[in-house]
1. Taking a 1.4 Å probe, which of Asp236, Asp87 shows the most accessible area, and what order do the others take after it?
2. What relative contact order, as a whole-number percentage, does the chain give when Cα pairs under 8 Å and 6 or more residues apart are counted?
3. Quick one: net charge of Glu282's neighbours, Cβ under 12 Å, K/R +1, D/E -1?
4. Provide the gained length on full extension for the span Ala260 to Ile184, in nm with one decimal, where the gain is 0.36 nm per separating residue minus the Cα-Cα distance.
5. How big is the Cα convex hull of segment 212-325 in projection, averaged over all directions, in nm²?
6. Given Cβ point charges of +1 (Lys, Arg) and -1 (Asp, Glu) and nothing else, what value in debye, to the nearest 20, does the dipole of segment 53-171 about its Cα centre take?
7. Taking the Cα atoms only, what angle lies between the long axis of helix 165-177 and the longest principal axis of the chain, rounded to 10 degrees?
8. Could you compute the net charge surrounding Lys149? Neighbours are other residues with a C-beta less than 13 Å from the C-beta of Lys149; K and R count +1, D and E count -1.
Amino acid sequence: MHVVLKTVTCGIGVFVLLASGAVAAQSFPSKPVRLISPYPPAGVNDLLARILAPKLGEFLGQPVVVDNRAGATGNIGAEIVAKSPPDGHTLLMGQAGNLSINVSLMAKMPFDPVRDFAPITLVAATPNVLVVHPSLPVKSVKDLVALAKAKPGMINYATSGIGSPGHLAAELLNKSAGIKMIHIPYKGAAPALADVIAGNAHLYFTSPASAMPFMPSGRLRMVAVASLKRSTLLPDLPTVAEAGYPDFDVSSWWGVVAPAATPREVIARLHTEIHRVIALPETRTKINDLGAEIVTDAPEQFAAYIKAETAKWGKLIREIGVKPE
């Protein structure tokens, strides 16, 4: 008798959970949706959020408001989302840093990027490109490696900060090629790029969008792209892998996640509507203009990707000896 009662009770519990999820999906969204960008305005993360927001709001039937909550290399905004009610009304435009890299760089994290989020979809990705000041006598990765070996400790590279994709890319090249370039960290991408353009730093792994405006004037020289395959945006630019480093792959990516425990029906609705926005020709054009390529997937695939990226970056960070802060 007790077993029967327990089974019936469990069945009622499951029914209530399913029913509550269905009700949440039917009533969603019941108010404006907040899309948090955990980085300052005008960066790629912020711009992607603002590209998606207007049409996403139109398709959802409620305004989607972009809210910049910068700080702690993306962790402040991400923590807000992780601790928000799991109802789909607070979302994060996350990226490689706060969803896969920071957990291996920081001694204490205010959230778990795998446990505390419900992935919805990837949105875009861009490989880093290796650019050098034109005074540096290199036109290929092989040239750079040869110069670094001939002048050990004399070649430096700029980055937007410790643990940034550019930092990891340069250290991966150090490790792969057996060279020792010197790290010069800056407080952000803009001052790092400015110092390479000024000739105060030799090279920089950065986004295509940041580098391309300085190519026609010859103020920077593109040497290689840091992805396994050539970029469709820069098909004539060789990869670092082509220079003899077959596993060299350092790309930046962005995607939308919700708090963990958000009903599956709500995740499915958000996934559908975000993909509708991304499928629009004007959206594709705007994202490509940022130097990024559209990348979409299912929630389960995005979850698996975050886990894989977290493991990859963790392994590299340990190998190159970057200590958690």
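The values are calculated or read from the model by the stated rules, or taken from the named source; none is laboratory data. Quantities reported herein were computed from a predicted structural model and do not represent experimental measurements. Here the Cβ is made from the backbone with ideal geometry for all residues, glycine too, and neighbour counts use every protein chain on show. Surface accessibility is based on the protein's heavy atoms, side chains included, excluding ligands, DNA and RNA. Shrake-Rupley method; radii C 1.70, N 1.55, O 1.52, S 1.80 Å.
1. Numbers: Asp236 135, Asp87 55 Å².
My answer, sorted largest first, is Asp236, Asp87.
2. On the way: 619 pairs, mean separation 84.0, N = 325.
That works out to 26 percent.
3. On the way: positive: Lys55, Arg284, Lys286; negative: Asp289.
Residues near Glu282 contribute +2 overall.
4. Values: separation 76, 0.36 × 76 = 27.36 nm, distance 3.74 nm.
Going from the current span to full extension adds 23.6 nm.
5. On the way: hull surface 41.5 nm².
Taking the Cα atoms of segment 212-325, their convex hull projects to 10.4 nm² on average.
6. Computed about the Cα centre, the dipole is about 520 debye.
7. With rounding to tens, the tilt is 50 degrees.
8. Numbers: positive: Lys142, Lys151, Lys180; negative: Asp143.
Net local charge, Lys149 excluded: +2.
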